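**Student:** Mind looking over this structure? Questions follow.
The values are calculated or read from the model by the stated rules, or taken from the named source; none is laboratory data. Here the structure is a predicted model, which means the values were calculated and not measured. Cβ placement follows ideal geometry from the backbone for every residue including glycine, while neighbour counts extend to all protein chains displayed. Surface areas here come from the heavy atoms of the whole protein model, side chains and all, with no ligands, DNA or RNA. Shrake-Rupley method; radii C 1.70, N 1.55, O 1.52, S 1.80 Å.
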Amino acid sequence: MAWLAAGEGYEIALVEGKVAARSATGRAAGRQLKTLPKALRDHPEVDRLRRLAEWLERHEAACIAQVDTWMVSSLPVPTALLARVWPDEAWQNALRDMAVVGEDPDEVGFLRDATASGELKVVNLDGETVRLSPRTVTLPHPVLLPDLDDVRDFAAELGIVQRVEQIHRPTWEKPEGLAATATEVRDYAGGVFPNRFGLAARATGLGYRVSGGYATCKVRDTGRGTEAAVWIGEPYYEDETTTGALSWHDENGRAVRLTEVGPVAWSEGMRMAAALYAGRKIEEGGDAR
């Protein structure tokens, strides 16, 4: 970003998301200052840059959230859309190195570039840079990727760093032999918290929605919407509370049998339940499950 004149003898710019100043005159001209001079703190241009920085931060978070939604919901994304947003640094940072799948579901590659003509450049699992021009691509949830461990090893060799947790996202596979009528999982039930407020705050801090007595997350899996829910206690309950069972519901609010829960919905529901349970109160010398 260009340096802007601000006050006598100073220039300002956004540097790593913060307003920075440098001298514009004298021997120190061009030298960035360690702190913002007092004379500039209330300058209109400084205020304008601060507001721009706040907007850019919100925009970056929104891009990451949207890419995460595409990945968790396995939604097809138009290649033309990726090409259109790619020049935006925030979008590029969110999308770069995401695993994508084009027309062939067995061909996985890490996204490296999207050209204005709608062509994608990806590094495939053979280490070759190839060009793809499918009408749409998906950013698959890792539980859907075959040979996930091999993909992870290859990503480590390439030094892949993803802004959206995909390849190294913790996954849970649905076990076999589930009771035909079962609708709840209690693997992460019983986690003790000092109060319901703290448990609800943990849920929202992890990015989950709190509605009534539940922490929830929505997933679009196998072509239908599913909501995973963990009981966290009655609202406004001030005493000690514990995590409850995990269950899934369809778009009409009806309980879904465990045998009918899709692989992504299962993994994401278990991920939420495990993350909430991890913040439980552990008594010294007690059970540290």
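**Student:** Does segment 196-205 contain at least one residue that is part of a helix (DSSP H, G or I), in contact with a Pro (Cβ under 9 Å, 6 or more places away or on another chain) and under 25 Å from Asp68 (Cβ atoms)?
**Tutor:** yes
**Student:** Determine whether Trp86 is aromatic (Phe, Trp, Tyr), surrounded by 13 or more Cβ atoms within 10 Å (Cβ to Cβ) and either farther than 30 Å from Val261 by Cβ or touching a His at 6+ places or on another chain (Cβ under 9 Å) (or both).
**Tutor:** The answer is yes for Trp86.
**Student:** Would you be able to say whether some residue in segment 157-165 is among the β-branched types (Val, Ile, Thr), open to solvent by 80 Å² or more (accessible area, probe 1.4 Å), assigned to a loop (DSSP other than H, G, I, E, B) and more than 24 Å from Val143 (Cβ to Cβ)?
**Tutor:** No.
**Student:** Filter segment 36-84 down to residues that are touching a residue at least 12 places away in the same chain (Cβ under 8 Å) and over 18 Å from the mean Cα position of the chain (by Cα), then give me how many there are.
**Tutor:** Here the count works out to 15.
**Student:** Test Thr171 against the criterion of being open to solvent by 10 Å² or more (accessible area, probe 1.4 Å) and at pLDDT 95 or above, and give yes or no.
**Tutor:** yes
**Student:** Here is a further query. Can you find a residue that is of a type in the set (Phe, Trp, Tyr), within 28 Å of Pro146 (Cα to Cα), open to solvent by less than 60 Å² (accessible area, probe 1.4 Å) and in contact with a Cys (Cβ under 7 Å, 6 or more places away or on another chain) anywhere in segment 257-273?
**Tutor:** No - not one qualifying residue is present in segment 257-273.
**Student:** Taking the condition over 30 Å from Ser267 (Cα atoms), at pLDDT below 85 and surrounded by fewer than 13 Cβ atoms within 10 Å (Cβ to Cβ), does Gly30 pass?
**Tutor:** For Gly30, the condition - over 30 Å from Ser267 (Cα atoms), at pLDDT below 85 and surrounded by fewer than 13 Cβ atoms within 10 Å (Cβ to Cβ) - is met.
**Student:** Can I ask one more? Just need a number here: residues in segment 249-267 that are touching a residue at least 24 places away in the same chain (Cβ under 8 Å) and either in a strand (DSSP E or B) or out of contact with any Lys or Arg (no Cβ under 9 Å at 6 or more places or on another chain) (or both).
**Tutor:** Matching residues across segment 249-267 total 3.
**Student:** I've got another one for you. Report yes if Glu128 is under 26 Å from Gly223 (Cα atoms), out of contact with any Asp or Glu (no Cβ under 7 Å at 6 or more places or on another chain), exposed (fewer than 14 other Cβ atoms within 10 Å of the Cβ) and modelled with pLDDT under 95, otherwise no.
**Tutor:** no
**Student:** Which members of segment 104-117 meet the condition of being within 25 Å of the chain's Cα centre (by Cα) and either free of Cβ contacts under 8 Å to residues at least 40 places away in the same chain or open to solvent by less than 40 Å² (accessible area, probe 1.4 Å) (or both)?
**Tutor:** Of everything in segment 104-117, those that are within 25 Å of the chain's Cα centre (by Cα) and either free of Cβ contacts under 8 Å to residues at least 40 places away in the same chain or open to solvent by less than 40 Å² (accessible area, probe 1.4 Å) (or both) turn out to be Pro105, Glu107, Val108, Gly109, Phe110, Leu111, Arg112, Asp113, Ala114, Thr115.
**Student:** Just need a number here: residues in segment 218-247 that are among the hydrophobic types (A, V, I, L, M, F, W, C) and in contact (Cβ under 8 Å) with a residue 60 or more places away in the chain.
**Tutor:** 3
**Student:** Also, I was wondering about something else. Determine whether Pro134 is assigned to a loop (DSSP other than H, G, I, E, B) and more than 24 Å from Arg257 (Cα to Cα).
**Tutor:** yes
**Student:** So in segment 202-239, with the set limited to residues that are of a type in the set (Phe, Trp, Tyr) and farther than 18 Å from Asn252 by Cα, which one is surrounded by the most Cβ atoms within 10 Å (Cβ to Cβ)?
**Tutor:** Taking the candidates together, the pick is Tyr208.
**Student:** Given the condition in a helix (DSSP H, G or I), among the acidic types (Asp, Glu) and surrounded by 14 or more Cβ atoms within 10 Å (Cβ to Cβ), answer yes or no: does some residue in segment 52-75 qualify?
**Tutor:** Checked against the condition, which is being in a helix (DSSP H, G or I), among the acidic types (Asp, Glu) and surrounded by 14 or more Cβ atoms within 10 Å (Cβ to Cβ), segment 52-75 yields at least one hit.
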